[in-house]
Amino acid sequence: MPDIKGSCRCGKVTYSSSADPVFAGVCHCTTCQKSTGSAFATVVAVPTASVTVTGTTKRFDDVGDSGNPTHRNFCPECGSTVTQSADVMEGITMIGVGTLSDPSWVKPAMQIYCDSALPWAKIAELQGFPKMPG
């Protein structure tokens, strides 16, 4: 199992998890596009109980493309999203791959909300779903 550790851009917020990832994937929903400022978010998901966050975070609550609440915890100093969760996946915390100390081991297995994907951003090698798979 990989050592899951990382931080925000400025390093004032760090996190770790000792759990095996539940999944790794790419999300093309418009909420992820807006929050990342990019075409999609790439995340690794772990059980929430396994995540330890050190430092002060601020939380932004929103409604995702599913119509259900989403939550982003970010560093109030540099603005980096540190963890994310969605009420539709209770007990799961998602960590942005770009915040990992070593992201080289992550291999996304799927992409979701492909209906919202920018035409040039779909990843041909990954299984894709129009929305959230059931």
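The values are calculated or read from the model by the stated rules, or taken from the named source; none is laboratory data. Since this is a predicted model, take the numbers as computed values, not measurements. Ideal geometry is used to build each Cβ from the backbone, glycine not excepted, and the neighbour counts take in all protein chains shown.
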* Asked: Is it the case that some residue within segment 40-61 is over 12 Å from I112 (Cα atoms), at pLDDT below 95 and either buried (at least 16 other Cβ atoms within 10 Å of the Cβ) or touching a Lys or Arg at 6+ places or on another chain (Cβ under 8 Å) (or both)?
  -> no
* State all residues of segment 104-134 that are surrounded by fewer than 15 Cβ atoms within 10 Å (Cβ to Cβ) and outside any loop (DSSP other than H, G, I, E, B); if no residue qualifies, say none. => S104, W105, D115, Q127
* To do: List every residue pair whose Cβ atoms lie under 8 Å apart, where the two residues are 6 or more positions apart in sequence or sit on different chains, the first residue falls within segment 108-134 and is under 13 Å from A41 (Cα atoms), and the second residue, located anywhere, is acidic (D, E) and crowded, with 16+ Cβ neighbours inside 10 Å.
  => Y113/D65; S116/D65
* Structure fact -> Going through (1) without any contact (Cβ under 8 Å) to a residue 60 or more places away in the chain; (2) in a loop (DSSP other than H, G, I, E, B) one by one, K34 fails only at (2)
* Residues within segment 17-31 that are surrounded by fewer than 16 Cβ atoms within 10 Å (Cβ to Cβ) and assigned to a strand (DSSP E or B), tallied -> 1
* Give me the pairs, please: first residue somewhere in segment 72-85 and surrounded by 15 or more Cβ atoms within 10 Å (Cβ to Cβ), second residue anywhere and of a type in the set (D, E), beta-carbon distance under 9 Å, and either six or more positions apart or on two chains. => R72/D61; R72/D62
